[in-house]
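The values are calculated or read from the model by the stated rules, or taken from the named source; none is laboratory data. It should be emphasised that the depicted structure is a prediction, and the values quoted were computed from it without experimental measurement. So basically every Cβ, Gly included, is an ideal-geometry build from the backbone, and we count neighbours across all protein chains shown.
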Amino acid sequence: MPIKVFNKKEKEKILKSLNEQFGIREISGLVLQRGEGRLFLFQGDFNTGQFFEFEKKLWLERAGVYFGKIEKDGIRLSIEGSQILKDQITKNIFELDEEQAEKWMCGQELLIKVGQKGFIIMKCGEDFLGTGKASEEKIGNYIPKNRRLKSRDVVR
Amino acid sequence: MKTKKIPEMKPAFLERMKLLLPDEKDLQSYLDILKVKPVKSFRCNTLKISPENLKKRLEAKRWKIFQPWENYPEVMIVEGKYVRSCAQIDKLATDSVKSLVEINNTTNKKSLKEELPFNKVLVKKSDSVDFEVNQLRAKGEQILQDLEPGEFGRSLEHLLGYYYIQELASMLPIVALKPNEDEIFLDLCAAPGSKTTQVVAEMKNTGNVFANEVSLGRLRILASNLERCGTTNTLITKKDGIILCKRFKELGIFPDKILVDAPCSGEGTLRSSYQTYLMWNEKTIKRLSKIQKKLVESAIEILKSGGEMIYSTCTHAPEENEEVVNWVLENFPEMKLENIELPIKTRPGLTKWQDKEFSSELKKCARVYPHDNDTEGFFVAKLKKCQ
């Protein structure tokens, strides 16, 4: 599937959604899409026109970093997405204690009543740990398998 | 813990190493260090965290961190983990008792008794463990022990992309190349991404970095590592290096810097990859030498005038190192060898190998032997395209 480079209007739509969800005001760089709703952020020096040329001649496998996914309830930021945009995230942040963060990074859903529904940024101290989805009873986990702590890895 | 048996070095390989290290003591030091596992080195990913903060975090986990290179605080080694708590001491005692119980249960007591005074052995072992534990308790001493299996590669800090596990010698090509912000950089044989992520960190995610890898399996690892490290200025391609360079030419992309960390026979990786002992053969070296020359030739064609290129391998084989660089000097007069400054002990490149004579310029290349710095083996040459 080719890489789609978002135009100004499309990028603004993404930004509007991120602003409403997390207070993000700016995304510097090109926003790209590859695969079903998978968003990538490219902050190199090439412009949209050059990207089309690269696609034709080089067939890019990946450009920039995967930073989020468009879901029907909004945009879910990846671990990197939450880390890259951390200075701008002002709302819908859920602070985890160390024990909760450990469970979170093991890929477990957290049985916590947040008091709201939808995507929330997971944070523990200085660490931004991606996005969870809050429902009435729990926070759904999206940590990909290759980024999970295994319980035997948790050494105190 | 099970330890793998080190395979025997092939006689032809040993003969070649004798030629490279003619001094007997030197050769013995080399052979000796091959039996020792390499140190656990890693590089702080400065795109996400500062070396100071990372060090503090890891030390809070009681890891003993050492920064071996004065001017490169991001380069670190974990020497082990301090164990001080009573719980750990108790674990030592419990484990010892457990193992004694196992001996007691599983051993044929009768036969053992015939050979050894079994009860006496038990008492003696218990005494020694008790003595050790009591001493630790009394002194409040800290013990430095190895990290537990998986602890290094699956720590929270690693999973969050705060550090990248990388062998010290493998960091040298980028140290030698000194990439600058806003440049166009091409890593022609990029997987698994150690040097690409190092470059991107040096360039602070500015400019453009092309990371190419021809193998699909290795490309996935590359993509995963670049993602974990948060590289936003990278473009990944999956092309044969020679074809990629042709496409670059058609597109008018002329990188400021190129890394050709070429596929090689891997003689320098014996400490971590025992497979190399088995796979090594002279035929492969000759075959690889041809591929390496083609890759370098293609890279030279697209290197910007005034640009710099690193040719590196993780092998000691001169056919894959000095012979390739000498071939470049003979066939591309615009290419000049540059001096390299590295933070570890290196030896000059060879000017003669078997019946072949090389340019005296080859002394500017850097050979890294494992026993000189307790690293893997490496070869680095820095070339400049003169205007």
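If you go through the stretch A:57-73 one residue at a time, do you hit one that is farther than 27 Å from B:Leu222 by Cα and more than 15 Å from the chain's Cα centre (by Cα)? Scanning the stretch A:57-73, I find no residue that is farther than 27 Å from B:Leu222 by Cα and more than 15 Å from the chain's Cα centre (by Cα), so the answer is no. Restricting attention to the stretch B:2-60, the residues that are part of a helix (DSSP H, G or I) and more than 27 Å from B:Arg367 (Cβ to Cβ) total 10. Among the residues making up the stretch A:4-15, those that are in a helix (DSSP H, G or I) and either at pLDDT below 95 or under 15 Å from the mean Cα position of the chain (by Cα) (or both) are A:Ile14, A:Leu15. Just to verify a result, which residue in the stretch B:66-99, among those that are β-branched (Val, Ile, Thr) and either over 14 Å from B:Glu151 (Cβ atoms) or modelled with pLDDT under 95 (or both), is surrounded by the fewest Cβ atoms within 10 Å (Cβ to Cβ)? Filtering the stretch B:66-99 for residues that are β-branched (Val, Ile, Thr) and either over 14 Å from B:Glu151 (Cβ atoms) or modelled with pLDDT under 95 (or both), the one surrounded by the fewest Cβ atoms within 10 Å (Cβ to Cβ) comes out as B:Thr94. Set side by side, the residues B:Gly252, B:Gly230 differ, and just one is surrounded by fewer than 23 Cβ atoms within 10 Å (Cβ to Cβ) and more than 24 Å from B:Val380 (Cα to Cα), which is B:Gly252. Within the stretch A:34-49, one or more residues are within 11 Å of another protein chain (Cβ to nearest Cβ), surrounded by 13 or more Cβ atoms within 10 Å (Cβ to Cβ), over 28 Å from B:Tyr163 (Cβ atoms) and not charged (D, E, K, R).
One residue is enough: does the stretch B:21-28 have a residue meeting the conditions under 16 Å from the mean Cα position of the chain (by Cα) and in the same structural domain as B:Tyr369 (by TED's automatic domain parsing)? Within the stretch B:21-28, none of the residues are under 16 Å from the mean Cα position of the chain (by Cα) and in the same structural domain as B:Tyr369 (by TED's automatic domain parsing). In the stretch B:204-227, which residues are more than 7 Å from every other protein chain (Cβ to nearest Cβ) and either surrounded by fewer than 23 Cβ atoms within 10 Å (Cβ to Cβ) or over 24 Å from the mean Cα position of the chain (by Cα) (or both)? Listed by number, the residues that qualify are B:Lys204, B:Thr206, B:Val214, B:Ser215, B:Leu216, B:Gly217, B:Arg218, B:Arg220, B:Ile221, B:Asn225.
Within the stretch B:370-387, the set of residues being farther than 13 Å from B:Leu172 by Cα, at pLDDT 95 or above and part of a loop (DSSP other than H, G, I, E, B) comprises B:Asp374, B:Cys386.
Assessment of the stretch A:74-91 against the conditions (buried (at least 22 other Cβ atoms within 10 Å of the Cβ), farther than 17 Å from B:Arg228 by Cβ and at the interface with another protein chain (Cβ under 8 Å from one of its Cβ atoms)) yields no matching residue.
If the condition is being closer than 19 Å to A:Asn92 by Cβ and either in a loop (DSSP other than H, G, I, E, B) or of a type in the set (Phe, Trp, Tyr) (or both), then the stretch A:16-31 contributes A:Phe22, A:Gly23, A:Ile24, A:Arg25, A:Glu26, A:Ile27.
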